[in-house]
Amino acid sequence: MRRPTRFATIVFMMALAACAAPVRPHAPEAVAAPTVPTPAPVVAETPPPAQPTVDKVEAFVAEASKLSGRPPDDIRASLAQARYQQSIINAITRPAESKPWKDYRPIFLTATRIAQGRAFFAQNRDELLKVQAATGVPAEIIVAIIGVETSYGRVTGTYRVLDALYTLGFYYPRREEFFRGELAQLFALANDEKFDLASLKGSYAGAMGWGQFMPSSYRSYAKDGDGDGRRDLFGSLPDVFASVANYFVGYGWQAGQPVFVEARADTGAAAFVPDDYTAKYSLDDLAMRGYHAVDAAAPKLPATLLTLDGASGSEYWIGYQNFYVLTRYNRSPLYAMAVFQLAREIAAPLPPDAPATPVAQ
């Protein structure tokens with residue numbers, strides 16, 4: 001039976017309980033009075049946000065209907081099932097990428113994540129190398145993306161994607177237009193792939209599957225790697241590998257070229273922070289500013305500079321086009337560096353006596 005077409009109102013009940021301390025009875029002389037627990041302080045809940053306006057909702061319904069081909073009433077019925085989640089707003093306002101590199105790096109470059117990445121690579125080597133040969137995207141980069149995003153598929157998200165994108169699309173003014181666009185793409189994706197819209201689970205930002213694709217990226221870059229006629233980023237590793245690589249190819253990955261090379265700064269070199277991550281400076285340009293590749297054989301390709309607040313002080317890195325491509329997956333340069341360094345560790349040769357480490361399930 002079709003649900004009501006009226007956009008459902010979300011009702012939040014706020015309860016404030018005032019607790020009075022019990023009256024202590026008079027204690028006889030020389031007899032200690034019993035200890036009375038201090039009542040816990042009452043904490044008010046976060047006030048419910050203002051409802052989105054009817055005009056905003058109807059504008060979205062028209063956009064989503066046009067993009068997905070679904071009738072407006074179907075869009076309204078699905079929105080009526082969406083639920084605002086305060087925890088999503090809390091999470092997006094304190095991302096890990098706001099940390100300095102010296103605190104961000106230890107989150108992802110752990111011995112466990114490295115060992116599990118090597119084991120995951122070993123278990124899926126043939127399929128990964130097939131994708132690498134076809135696309136030029138290194139297998140270890142694909143593995144590192146999956147390791148950073150979902151710990152090799154173990155943590156893919158518990159939020160309903162519908163709730164995440166609804167919450168951010170209507171209650172997060174800073175980026176609401178982006179997330180409403182992704183919500184519209186979600187309706188189209190559900191049609192494309194015959195997904196049950198209400199059951200899709202993902203991150204607090206609405207990203208899905210082993211590689212954490214947003215709906216628009218899923219629609220544009222997901223590939224059928226196993227030839228079964230479906231693009232399944234939730235259960236098919238060949239699809240996941242092919243899709244991550246295809247995403248990078250779509251943004252201009254340069255096969256055989258580096259992501260970063262280490263750099264050093266001249267004494268007294270003025271701080272240089274490029275206005276974006278585009279590789280648009282020559283190595284000579286960077287040298288004139290006082291920054292040089294440590295390796296004299298570093299490729300003389302267009303590049304940029306990244307300065308990080310490391311555990312031992314400032315770190316300098318020359319980033320190439322492939323650094324820019326990594327920032328298309330996640331706009332944070334810290335994320336790109338974490339993927340690069342995790343991939344480097346995963347690909348490093350193991351000592352002959354190193355024990356095997358199984359992939360955690």
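Computed quantities for the displayed model
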{"item": "Residue within the stretch 148-157 that is outside any helix (DSSP H, G or I) and basic (K, R) present", "result": "yes"}
{"item": "Qualifying residue in the stretch 170-184 (condition: of a type outside the set (A, V, I, L, M), without any contact (Cβ under 8 Å) to a residue 60 or more places away in the chain and at positive phi)", "result": "no"}
{"item": "So D239, is it more than 30 Å from D55 (Cα to Cα) and either of a type in the set (K, R) or assigned to a loop (DSSP other than H, G, I, E, B) (or both)", "result": "no"}
{"item": "Search result, residues across the stretch 243-278 that are touching a Leu at 6+ places or on another chain (Cβ under 9 Å), closer than 24 Å to L233 by Cβ and polar (S, T, N, Q)", "result": "S243"}
{"item": "Residue, surrounded by the most Cβ atoms within 10 Å (Cβ to Cβ), within the stretch 141-163, restricted to residues that are touching a Gly at 6+ places or on another chain (Cβ under 8 Å) and over 21 Å from I92 (Cβ atoms)", "result": "A144"}
{"item": "Residue match in the stretch 244-256 (condition: crowded, with 16+ Cβ neighbours inside 10 Å, more than 25 Å from the chain's Cα centre (by Cα) and either on the phi > 0 side of the Ramachandran plot or modelled with pLDDT of 95 or more (or both))", "result": "no"}
{"item": "Candidate set: the stretch 184-232, residues that are of a type in the set (D, E) and in a loop (DSSP other than H, G, I, E, B); chosen: the one farthest from the chain's Cα centre (by Cα)", "result": "D228"}
{"item": "Those strands (runs of 3 or more DSSP E) lying entirely in the stretch 270-326 with at least 2 residues out of contact with any strand residue (DSSP E or B) (no Cβ under 9 Å at 6 or more places or on another chain) and of a type in the set (A, V, I, L, M)", "result": "none"}
{"item": "Filter result (surrounded by 15 or more Cβ atoms within 10 Å (Cβ to Cβ) and either of a type in the set (K, R) or farther than 14 Å from A190 by Cα (or both)) within the stretch 219-233", "result": "R219, Y221, K223, D224, G225, D226, R231"}
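The values are calculated or read from the model by the stated rules, or taken from the named source; none is laboratory data. Please read all numbers here as calculations on a predicted model, not as lab measurements. No Cβ is skipped: glycine too gets one built from the backbone with ideal geometry, and neighbour counts run over all protein chains shown.
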